[in-house]
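A quick write-up on the structure given underneath.
The values are calculated or read from the model by the stated rules, or taken from the named source; none is laboratory data. Here the structure is a predicted model, which means the values were calculated and not measured. Note that we place each Cβ from the backbone using ideal geometry, even for glycine, and neighbour counts take in every protein chain shown.
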Amino acid sequence: MAKKKDREKFSEALKWLYPNLGVKRYFLLAVLGIFLLALGLAVLSHGDILSYLEFYFREAIYFLTGGTKVLMTVIGIVISLGGLAIICFGFKKMLTSVINVLLPGNEDKVVDVIYARRQLKRGPKIVVIGGGTGLSALLRGLKAYTSNLTAIVTVGDDGGSSGRLRRELGVLPPGDVRNCLLALAEKEDIMEDLFSYRFKSGTFEGHNLGNLFLAGLAERYGDFQKSIEHVGKVFALKGEVYPSTLSQVTLEAYFEDGRSVNGETAIRTTPGKIKYLRITPSDCEPLPGALQAIEEADLVVLGPGSLYTSIIPNILVKGLRDKIAEVQAPCVYVCNIMTEPGETEGFTVSDHLRAIIEHGGRDLVDAVLAAKEEIPRRVLERYLAEGAEVVRSDRAAVEELGVNYFEGTFYTGGDVVRHNPELLAKELLRILFRLKPVSERIAVVDSYLLNRKLKEL
């Protein structure tokens with residue numbers, strides 16, 4: 001058996017000799033450079049470590065230079081430097097040939113690509129839990145600092161293309177999962193052009209190509225998570241994506257006036273103050289991969305996103321809630337900048353936190369990150385006309401609940417008030433270092449390099 005494995009390894013090694021790989025010629029060039037470097041050093045060493053070949057080469061140099069010591073030294077240095085240059089050129093071209101195949105478009109950034117990949121792999125392990133556009137936006141910001149990212153996505157969506165596929169094919173709603181896959185993709189712009197395309201007519205009118213692709217793979221393999229994994233391989237993800245559960249869950253909202261509605265869309269559009277939320281089936285279970293990611297995490301993030309339709313549904317999956325509360329990694333809730341009509345009208349930061357505590361327990365959240373913004377009047381007036389306003393900060397009320405309070409500025413202009421992904425990512429990493437400066441999972445050197453990067457950007 002051992003001999004067979006050795007033969008297989010040898011056969012794999014021989015594949016580097018296949019024609020048209022663009023590797024052998026540069027390897028041989030690098031070998032030539034090493035040879036020239038050795039010869040140059042031999043000339044400088046006055047024959048102390050010469051082989052026969054080096055000896056004759058030195059004699060030839062003696063003959064051509066007349067044995068002048070100064071000229072010999074200069075020629076030795078020139079040959080050595082020439083050999084060193086050829087070595088660097090040969091190995092660079094060899095790496096470029098490989099990168100050209102694996103990562104087209106990065107041929108001129110060999111060192112940057114290798115360094116970035118290595119450094120990102122040593123970044124902190126962060127789990128982000130939520131749904132909607134907030135989750136995918138945060139992932140876009142965080143992937144500049146680490147590739148150890150895990151997105152856990154709510155699966156209660158019943159509207160739009162996702163809702164139709166859920167009803168017609170019985171698959172989990174793919175929309176939020178698709179957005180997270182795009183956010184973590186190596187070549188995000190290319191994949192977004194393809195997977196975000198929406199059909200404008202015919203049978204598929206209103207459907208998103210990415211949603212159809214995920215639904216098709218789920219039907220092909222009989223497992224929604226396998227479809228995500230296959231797409232992840234194509235996208236070269238800087239992280240992993242998991243649905244919060246593989247069960248077909250339905251959200252149930254109960255209002256303070258005694259009314260109740262079923263379904264995410266109905267909850268969003270029904271006026272009134274929500275008293276509490278439930279999911280059916282109540283015994284749905286999370287995926288083992290998601291639980292392992294939380295177990296190994298340095299930081300767990302809830303939000304940003306709609307409180308009752310993107311955040312709380314995840315913590316109603318009992319296994320997820322219990323695991324978040326159990327682990328040592330700090331859990332930070334990112335509060336929305338604006339309230340949402342039909343969900344959080346009139347809510348302060350502490351109101352958002354109380355809703356999470358009521359559904360997930362007091363031991364769930366360790367810190368809240370709120371926004372402190374100056375939003376233009378014209379933008380505020382538009383939001384007020386829609387029934388939304390800025391979420392009021394109330395630090396004292398949050399701290400009375402036993403939770404750390406942090407603030408930041410995340411709005412960077414425009415008609416839509418959202419967290420800037422880069423600013424939000426930086427602030428979350430700063431909070432991580434405040435709550436957990438150095439641990440067995442974040443090496444001192446990596447902590448130093450990450451802190452430096454946070455200061456530079």
Those residues of the stretch 221-249 which are touching a residue at least 12 places away in the same chain (Cβ under 8 Å), at positive phi and either surrounded by fewer than 18 Cβ atoms within 10 Å (Cβ to Cβ) or basic (Lys, Arg) (or both) amount to ALA236
Restricting attention to the stretch 116-161, the residues that are polar (S, T, N, Q) and farther than 20 Å from PRO304 by Cβ number exactly 4
By residue number, the members of the stretch 344-375 that are under 23 Å from LEU320 (Cα atoms), charged (D, E, K, R) and touching a residue at least 40 places away in the same chain (Cβ under 8 Å) are ARG354, GLU358, ARG362, ASP366
Sole miss for GLU229 among (1) at pLDDT 85 or above; (2) in contact with a helix residue (DSSP H, G or I) (Cβ under 8 Å, 6 or more places away or on another chain) is condition (2)
Among (1) without any contact (Cβ under 8 Å) to a residue 24 or more places away in the chain; (2) assigned to a helix (DSSP H, G or I), THR412 falls short only on (2)
Filter result for VAL241 (over 17 Å from ARG164 (Cβ atoms) and in a strand (DSSP E or B)): yes
The one condition THR265 fails out of (1) closer than 18 Å to GLY131 by Cβ; (2) touching a Leu at 6+ places or on another chain (Cβ under 6 Å); (3) surrounded by fewer than 21 Cβ atoms within 10 Å (Cβ to Cβ) is (2)
Q) Right, LEU380: surrounded by 15 or more Cβ atoms within 10 Å (Cβ to Cβ), out of contact with any Cys (no Cβ under 7 Å at 6 or more places or on another chain) and without any contact (Cβ under 8 Å) to a residue 12 or more places away in the chain or not? A) yes
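Each row is one residue, and each column tells you yes or no for (1) under 20 Å from SER227 (Cβ atoms); (2) aliphatic (A, V, I, L, M); (3) buried (at least 24 other Cβ atoms within 10 Å of the Cβ); (4) in the same structural domain as GLU296 (by TED's automatic domain parsing).
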position: ILE126; (1), (2), (3), (4): no, yes, yes, yes
position: ILE129; (1), (2), (3), (4): no, yes, yes, yes
position: GLY132; (1), (2), (3), (4): no, no, no, yes
position: LEU139; (1), (2), (3), (4): yes, yes, yes, yes
position: VAL171; (1), (2), (3), (4): yes, yes, no, no
position: LEU194; (1), (2), (3), (4): yes, yes, no, no
position: TYR197; (1), (2), (3), (4): yes, no, no, no
position: LYS200; (1), (2), (3), (4): no, no, no, no
position: GLY210; (1), (2), (3), (4): yes, no, yes, no
Exactly one of GLU186, GLU229, GLU168 is of a type outside the set (Lys, Arg), in a loop (DSSP other than H, G, I, E, B) and out of contact with any Gly (no Cβ under 9 Å at 6 or more places or on another chain), and that one is GLU186
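A quick yes/no check of all residues on (1) closer than 30 Å to VAL261 by Cα; (2) modelled with pLDDT under 85; (3) of a type outside the set (Lys, Arg); (4) not in a loop (DSSP other than H, G, I, E, B):
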{"residue": "ASP108", "(1), (2), (3), (4)": "no, yes, yes, yes"}
{"residue": "ILE114", "(1), (2), (3), (4)": "no, yes, yes, yes"}
{"residue": "LEU120", "(1), (2), (3), (4)": "no, yes, yes, yes"}
{"residue": "GLY141", "(1), (2), (3), (4)": "no, no, yes, yes"}
{"residue": "ASP157", "(1), (2), (3), (4)": "yes, no, yes, no"}
{"residue": "SER162", "(1), (2), (3), (4)": "yes, yes, yes, yes"}
{"residue": "ASP176", "(1), (2), (3), (4)": "yes, no, yes, yes"}
{"residue": "SER201", "(1), (2), (3), (4)": "no, yes, yes, no"}
{"residue": "GLY206", "(1), (2), (3), (4)": "yes, yes, yes, no"}
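Could you check the stretch 250-350 for strands (runs of 3 or more DSSP E) lying wholly inside it with 2 or more residues that are more than 20 Å from the chain's Cα centre (by Cα)?
250-255, 260-262, 274-280
How about the stretch 250-286: which of its residues are of a type in the set (Val, Ile, Thr), within 21 Å of VAL171 (Cα to Cα) and touching a residue at least 60 places away in the same chain (Cβ under 8 Å)?
Correct list: THR250, THR265, ILE279.
For the stretch 395-428, which residues satisfy the criterion of being aromatic (Phe, Trp, Tyr) and closer than 23 Å to ARG377 by Cα? First the steps, then the outcome.
Taking the stretch 395-428 as the starting set, the residues that turn out to be aromatic (Phe, Trp, Tyr) are 405-406, 410-411.
If the condition is that a residue be aromatic (Phe, Trp, Tyr) and closer than 23 Å to ARG377 by Cα, then PHE410, TYR411 are the ones that fit.
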